[in-house]
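Enquirer: I have a structure here, written as structure tokens, and I will follow up with some questions on it.
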Amino acid sequence: MRRNSTLAKLMACAACVPALLLAACGNPASPNEQPDQPAPAPRRIIIDTDTGADDASAIILAARSDQAEIVGVTVLVGNVPLEQSVDNALMALEVAGCDAPVYRGSASTFDGTHIEAFSVFGTDGMGDAGLVHPTRTAEEGDAIDFILDTVRENPGEIEIVAIGPATNIARAIERDPETMRQVKMIWSMGTTGLGPGNATPVAEFNVHADAPAYKVMLDSGIPVTVIGLDMCSGEAMWTEEQFAELAKAGEIGEFVSSSFSSLRSFYASNGEDATMNCDALAMTCVLNPDFVNAALSCHGSCITDEGETYAQVIFYREGFTYDVASNDFTYNVTLVNDVDGEDYFSRYKDAVA
Ligand SMILES: [Ca+2]
């Protein structure tokens, strides 16, 4: 396997890593800033991830952006087992030149049952392309403690970008709901949106992996912006030509393109000529408000009863009077329902090139 050359350089010169890492990490400071003009307060995000290839591409996007600072990355099982997920997160940060701390989180579901990692991203979650060999290790602390401590120290300021199952978030809410009410926004890549599912016809993978956790998150009253599967389909999918274009756009593009190889084969075997990248699309919504064309204020109800509708999320629209269903809800969910899907790939390529 050919080793990514950026990574080879990093590994060959461990002493130079800190300087490289400090060079770029979602640093909002601009070199052209006027000293007499106060800089706008930087947005501060925690990325909560079950790091497979699409999570890695989202982490890289955030690390390369000047729109937000990554204060930490909290990891959990999902696409791959926890330790692999941790390594993949560390690798993604390293590729992007970011030294944000990484914390281990949940290795089991909210109710304590074992999660069987399910990956269409290859055994290592990154296309089995020999890409994963981070030089850093995760912090000693626990992900849930890190989330709670960070929110306590920055009340009303922290945004959590959740691109895996909601287990870490639900555990943080269970442990200290008052502190979690100080979270500014949870951005959730999850649910089918208003379209069909992928785990089942009515359920999306992240919700299905831990529906009780997703229910705790939605029922908490914390503001949640949901980017569902429906936003990631159609013109937002990346074609093989676009992956080839990305691979030629530089070493980061080459890394992302290679990490998607297993997923691209999976889509091709299902008769698709393009591939979804939901996590980076959700991160694009976080970082670029102009990417989102429309959103609905909703109440979100997650079904946790066993059966065919397990992990379905039902959205009740605020302001719409249902004939039979209750209209008396807390409308804490903003459901994204139109994005500039056709611009998604070019935005991503330009951001990481
Ligand atoms: Ca994910």
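Rule-based calculations on the coordinates, nothing more; no lab input. Since the structure is predicted, the reported quantities are computational estimates derived from the model, not experimental observations. Here the Cβ positions follow ideal geometry from the backbone for every residue, glycine too, while neighbour counts run over all protein chains shown.
Enquirer: Sticking with the crude label model, points 7 Å out along Cα→Cβ, report the distance from Asp340 to Ala41 in nm, one decimal please.
Expert: 2.8 nm
Enquirer: Which residues' amide hydrogens lie under 5 Å from the amide hydrogen of Val339, considering only partners 5 or more residues apart or on another chain, with H built in the peptide plane?
Expert: Asn293
Enquirer: Continuing with this model, one more query. May I ask for the longest run of the chain untouched by chymotrypsin sites (Phe, Trp or Tyr not before Pro) that are loop-located per DSSP and have at most 11 neighbouring C-beta atoms (other than their own) within 10 Å? Don't skip to the end; give the middle numbers.
Expert: On the way: sites that count: Phe320, Tyr322.
Maximal segment without exposed cleavage sites: 1-319.
Enquirer: Any chance you could count the Lys pairs in the chain whose alpha carbons are under 25 Å apart, treating pairs 8 or more apart or on different chains as valid?
Expert: Working: Lys9/Lys248; Lys9/Lys349; Lys184/Lys215; Lys248/Lys349.
Close lysine pairs under the 25 Å cut-off: 4.
Enquirer: Would you order Val336, Val313 from fewest to most other beta-carbon atoms within 10 Å of each residue's own beta-carbon? Display every interim value, and only then the final one.
Expert: On the way: Val336 22, Val313 27.
Final ranking by Cβ density, sparse to dense: Val336, Val313.
Enquirer: Quick one: order Thr321, Thr113 by neighbouring beta-carbon count within 10 Å, fewest to most. Present the calculation step by step, with values, prior to reporting the outcome.
Expert: Numbers: Thr321 7, Thr113 10.
Lowest count first: Thr321, Thr113.
Enquirer: Here's another thing I want to ask about it. Write down, largest first, the equivalent ellipsoid semi-axes of the range 302-344 in whole Å, where each equals the square root of 5 times an eigenvalue of the alpha-carbon gyration tensor.
Expert: Taking √(5λ) for each eigenvalue gives 24, 19, 9 Å, largest first.
Enquirer: Per residue Cα convex hull volume for the range 46-181, in cubic angstrom? Show your work: numbers first, answer last.
Expert: Numbers: hull volume 12.7 nm³, N = 136.
Roughly 93 Å³ of hull volume per residue.
Enquirer: So how much slack lies between Glu235 and Phe320, counting 0.36 nm per residue of separation and subtracting their Cα-Cα distance, in nm? Could you put the intermediate results ahead of the total?
Expert: Details: separation 85, 0.36 × 85 = 30.60 nm, distance 2.91 nm.
Additional length available on full extension: 27.7 nm.
Enquirer: By how many nm would the segment from Glu308 to Gln182 lengthen if fully extended, with 0.36 nm per residue of separation less the alpha-carbon distance? Please report the intermediate quantities before stating the final value.
Expert: Working: separation 126, 0.36 × 126 = 45.36 nm, distance 3.53 nm.
Computed gain between Glu308 and Gln182 is 41.8 nm.
Enquirer: Under 5 Å between amide H atoms, partner at least 5 residues away or on a different chain: which partners does Asp48 have, H built in plane at 1.01 Å?
Expert: The answer is Thr74, Val161, Ala162, Ile163.
Enquirer: Let me ask something additional. Between Glu140 and Glu157, what is the label-point separation in nm under the 7 Å Cα-to-beta-carbon projection?
Expert: In this crude spin-label approximation the distance works out to 2.6 nm.
Enquirer: Here is a further query. Please list the non-local residues whose amide H lies under 5 Å from the amide H of Thr225, H modeled 1.01 Å from N, same-chain partners needing a gap of 5 or more.
Expert: Ile186, Trp187, Ser188, Thr334
Enquirer: Is the range 267-326 best put as rounded, prolate or oblate by its Cα gyration tensor, with a ≥ b ≥ c the root eigenvalues, rounded for a/c under 1.5, and otherwise prolate when a/b is larger than b/c, oblate when not?
Expert: Numbers: a/c = 2.54, a/b = 1.28, b/c = 1.98.
Oblate.
Enquirer: By how many nm would the segment from Phe266 to Gln67 grow when fully extended, if each residue of separation counts as 0.36 nm and the alpha-carbon distance is taken off? Don't jump to the answer; show the numbers that get you there.
Expert: On the way: separation 199, 0.36 × 199 = 71.64 nm, distance 3.30 nm.
Result: 68.3 nm gained on full extension.
Enquirer: Sort Asp124, Asp323, Asp54 so the one with the fewest other Cβ atoms within 10 Å of its own Cβ comes first. Walk me through the intermediate numbers first.
Expert: On the way: Asp124 21, Asp323 4, Asp54 29.
Ascending number of Cβ neighbours within 10 Å: Asp323, Asp124, Asp54.
Enquirer: Determine the principal axes of the Cα atoms in the chain, then give the extent along each, sorted from largest to smallest and rounded to whole angstroms.
Expert: The principal-axis extents, from largest down, are 64, 54, 39 Å.
Enquirer: Cα gyration tensor of the range 93-164, axes a ≥ b ≥ c as square roots of the eigenvalues: rounded (a/c below 1.5), prolate (a/b > b/c) or oblate?
Expert: Values: a/c = 2.13, a/b = 1.30, b/c = 1.64.
Oblate.
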